[in-house]
Amino acid sequence: MLIDRYVARAQLHAFVIVFISLAGLTFVVDAFTNLEEFIGHAATAGGLGRVLGHYYGCRLISFFDATSSVIALASAMFALSWLERHHELTALLAAGVDRWRIARPTLVFAAVMSLLAMANRECVLPTIRQAIARNAQDLRGDMAQPFEARYDHKTEILYRGRSVQAGPGRIEAPSLLLPPSLNDHGTSVDAAEAFWRPADEHHPAGYLLRGVAEPAGIDGLPAVEQGGKTVIFTRAASPWLQPGECFVASDVTFEQLIGSTNWSQYSSTAELVRAIANPALGVGAEVPLRVHARQVQPLLDMALAVLGIPLVAGPSRRGIFVAVGWCVGLTVLFFMVVLGCHALATGYVVSPSMGAWMPAVILVPLAAWLSQPMWE
């Protein structure tokens, strides 16, 4: 237990130092680059400190998700190298303590970091993904962004527009191209603006269109149904609408409609599974791949740790710089294998499940083989 506490304390100190150093260097450079935007936003957001704290606090959580496994490996190498440098590793081996027993605290630490990262992905990141999506130039979320046309695969409506604003969930100059099953009043619905609205007692989830120009006289037109369900609500049947408004039902949320990469990257696994089951989205291979990758990620985190630890604690005596060089090379190989397998899945060469689990099939046996000298 004494050696466990000693190594774990050294690894924790190294982890904190490396994490703060890397995050601080990244954020300081970014803060000075965008200082003018932060100062301009501070007047209406409670001060510069509050703006910086919220902006980089969210990104610190994202940074932990992206780097925790690599920094855990780096801190393990530091802790074990510290034992080697002060000849404590030699003393422990002479006392009959085997190498895996010495390295056990680093493996436990890597497992704890992997579990924390998993909890972070499932519980924390989904609640702040909209804040992460906004850069320093769009802190309020009111900057106009280009909008690429996107289908609602359930209603077969093609959503088009001039631009979008993420903060209010607004589409400027929307033009909805209607399928034959919905073109009772024309082939498109054109308006001045549209806003995403969640479901309530008056309507399902969808988009409220204001300033409707086409079809003309929208207030007097009847609602349009598809499959026995109302898709386009008009004021004639829905008095809660204001003059010149209509409502188009859709199960595609605003985040999903504008194609935000943060939506899939920072959604919880339960949200991703619901998205796969949502016929309106028509998700590609990326979302199923991400669901499977979430399941295999803890195994890959441990494989990365097992790949690096024998370089320092193994029987082959290497200098610290040589060991670090080997570790960097193995880490690059590790991520090349993972990204390559994921690329095969997103390119539809292999299935998403195969693309997610192939790295484990390759890297776990490799880690077991490279760590074999630790048992000798």
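What to note about this one:
- Only residues that are modelled with pLDDT of 90 or more and of a type in the set (Ser, Thr, Tyr) were counted across the stretch 349-376, and they come to 2.
- Note on the stretch 46-61: residues that are in contact (Cβ under 8 Å) with a residue 40 or more places away in the chain and not β-branched (Val, Ile, Thr) total 4.
- Of all the numbered requirements in (1) within 37 Å of the chain's Cα centre (by Cα); (2) charged (D, E, K, R); (3) crowded, with 19+ Cβ neighbours inside 10 Å, residue 229 misses one, and that requirement is (3).
- Pick from the stretch 227-273, criterion part of a helix (DSSP H, G or I) and closer than 19 Å to residue 147 by Cβ, ranking: modelled with the lowest pLDDT: 261
- Test: residue in the stretch 125-134 that is part of a loop (DSSP other than H, G, I, E, B), outside the structural domain of residue 11 (by TED's automatic domain parsing) and not β-branched (Val, Ile, Thr): no
- Output for the stretch 1-33, where each listed residue is more than 20 Å from residue 64 (Cβ to Cβ) and either among the aromatic types (Phe, Trp, Tyr) or outside any helix (DSSP H, G or I) (or both): 1, 6, 32
- Of all the listed residues (314, 308, 325), the sole one being in contact with a Pro (Cβ under 6 Å, 6 or more places away or on another chain), assigned by TED's automatic domain parsing to the domain that holds residue 369, modelled with pLDDT under 90 and not aromatic (Phe, Trp, Tyr) is 314.
- Yes/no for residue 97 being in a helix (DSSP H, G or I) and outside the structural domain of residue 214 (by TED's automatic domain parsing): no
- Hits in the stretch 1-35 - residues which are charged (D, E, K, R), surrounded by 11 or more Cβ atoms within 10 Å (Cβ to Cβ) and at pLDDT below 85: 4
The values are calculated or read from the model by the stated rules, or taken from the named source; none is laboratory data. In this text, all values refer to a predicted model and were calculated from it rather than measured experimentally. All Cβ positions, glycine included, derive from the backbone under ideal geometry; neighbour counts span all protein chains shown.
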